[in-house]
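Read the structure below first, then the notes.
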């Protein structure tokens with residue numbers, strides 16, 4: 001069993017980099033003794049980022065074969081990747097190969113003292129999780145591999161919880177349909193941009209895309225089996241994902257009741273804005289490491305109620321909601337009795353209005 005609270009982050013990309021930064025900056029509040037991170041490939045263009053993470057107090061780990069290249073760049077790895085995992089209580093995989101890493105690496109360290117997380121679409125890695133949705137489904141001592149669902153799946157889940165009341169039961173939900181309008185790439189990425197809108201395939205005959213499928217699996221952990229379907233397309237933008245939702249209820253609500261439900265949910269932000277650029281700008285100026293930690297930002301002017309159907313647009317706060325869930329699981333594992341209190345230090349970055 002590990003005595004010290006050490007968190008090891010694998011990968012320094014769009015989720016890994018801010019996660020390492022938040023963990024390092026809030027070590028005292030989170031009760032963390034050390035933050036380490038693994039960088040697989042030494043690139044000179046990554047040196048400023050890696051030096052900045054080290055200046056924040058994080059410790060670099062690498063494979064022995066790359067030590068000399070990192071040292072030539074002025075960086076000094078303190079541990080091998082395997083040593084860093086051995087020393088850790090929490091391992092957060094922020095790479096697109098979480099399932100492969102589980103099979104090849106993590107399972108050999110599964111002695112019951114650690115929790116391993118993977119991000120996004122790594123379905124099958126472990127129990128699906130989203131903060132504020134299925135916290136009660138986590139079982140201490142049993143759940144050692146956890147899939148933090150994608151940022152759009154977080155968004156879908158909190159809409160269902162808030163508008164349809166899906167929580168302790170299926171609430172008022174009859175069915176729901178979602179169009180996930182995705183950004184082409186993150187602003188930190190120079191590749192993967194597309195010249196024109198690009199539609200996605202319905203690869204899942206029951207749920208459409210992985211977003212609805214993951215949301216169904218997420219609510220399965222609470223004993224619910226929901227009728228959900230999602231579609232996806234990419235736009236040639238680097239700002240934010242947005243979602244068009246149609247939620248059909250078992251009874252009619254009026255628009256004011258829907259808006260009241262949205263405003264009363266702490267993890268939902270509402271806005272009178274209709275531009276993702278303005279939401280993104282707010283997060284850059286007022287968020288933590290440029291992120292707001294709400295699960296969704298609902299554009300109030302777009303919300304319409306047609307009998308028992310609620311229709312509208314909302315924005316997905318980049319990876320902020322996934323970051324929040326990753327931090328939640330880490331604190332839940334390290335601090336059995338104080339984890340929820342420690343999470344409150346992040347409340348200033350969940351905004352009721354943007």
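The numbered conditions (1) out of contact with any strand residue (DSSP E or B) (no Cβ under 7 Å at 6 or more places or on another chain); (2) farther than 23 Å from residue 214 by Cα are all true for residue 304 except (1).
Results for (1) out of contact with any strand residue (DSSP E or B) (no Cβ under 9 Å at 6 or more places or on another chain); (2) under 24 Å from residue 332 (Cα atoms); (3) surrounded by 17 or more Cβ atoms within 10 Å (Cβ to Cβ); (4) free of Cβ contacts under 8 Å to residues at least 24 places away in the same chain, shown as yes or no for each residue.
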position: 55; (1), (2), (3), (4): yes, no, no, yes
position: 60; (1), (2), (3), (4): no, no, yes, no
position: 65; (1), (2), (3), (4): yes, no, no, yes
position: 69; (1), (2), (3), (4): no, no, no, no
position: 76; (1), (2), (3), (4): no, no, no, yes
position: 79; (1), (2), (3), (4): no, no, yes, no
position: 83; (1), (2), (3), (4): no, yes, no, yes
position: 89; (1), (2), (3), (4): no, yes, yes, no
position: 93; (1), (2), (3), (4): no, yes, yes, no
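Of the residues contained in segment 129-141, one or more are found to be free of Cβ contacts under 8 Å to residues at least 40 places away in the same chain and within 22 Å of residue 340 (Cβ to Cβ).
For residue 176, the conditions (1) over 18 Å from residue 11 (Cβ atoms); (2) outside any strand (DSSP E or B); (3) in contact (Cβ under 8 Å) with a residue 12 or more places away in the chain; (4) in contact with a helix residue (DSSP H, G or I) (Cβ under 8 Å, 6 or more places away or on another chain) are fulfilled apart from (2). Checked against the criterion of being modelled with pLDDT of 95 or more, surrounded by fewer than 23 Cβ atoms within 10 Å (Cβ to Cβ) and more than 27 Å from residue 232 (Cβ to Cβ), the candidates 127, 49, 100 yield just one match: 49. A count restricted to segment 186-220 and to residues that are surrounded by fewer than 18 Cβ atoms within 10 Å (Cβ to Cβ) and more than 16 Å from the chain's Cα centre (by Cα) stands at 21. Remark: pairs (first residue in segment 190-211, over 18 Å from residue 121 (Cα atoms); second residue surrounded by 16 or more Cβ atoms within 10 Å (Cβ to Cβ); Cβ separation under 6 Å; 6+ apart in sequence or on different chains) = 193/184; 193/185; 194/184; 194/234; 197/235; 198/234. Being assigned by TED's automatic domain parsing to the domain that holds residue 338, touching a helix residue (DSSP H, G or I) at 6+ places or on another chain (Cβ under 7 Å) and in a strand (DSSP E or B) is a property that residue 128 has. You will find that of 188, 113, the residue that is in the same structural domain as residue 95 (by TED's automatic domain parsing) and under 30 Å from residue 83 (Cβ atoms) is 113 and no other.
Here is a yes/no grid of residues against (1) in a strand (DSSP E or B); (2) assigned by TED's automatic domain parsing to the domain that holds residue 103; (3) farther than 30 Å from residue 263 by Cβ; (4) out of contact with any strand residue (DSSP E or B) (no Cβ under 9 Å at 6 or more places or on another chain):
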position: 155; (1), (2), (3), (4): no, no, no, no
position: 159; (1), (2), (3), (4): no, no, no, no
position: 162; (1), (2), (3), (4): no, no, no, no
position: 170; (1), (2), (3), (4): no, no, no, yes
position: 195; (1), (2), (3), (4): no, no, yes, yes
position: 206; (1), (2), (3), (4): no, no, yes, no
position: 214; (1), (2), (3), (4): no, no, no, no
position: 222; (1), (2), (3), (4): no, no, no, yes
position: 226; (1), (2), (3), (4): no, no, no, no
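The values are calculated or read from the model by the stated rules, or taken from the named source; none is laboratory data. Small disclaimer: the values here were computed from a predicted structure and weren't measured. Every residue, glycine among them, receives a Cβ derived from its backbone with ideal geometry; neighbour counts consider all protein chains shown.
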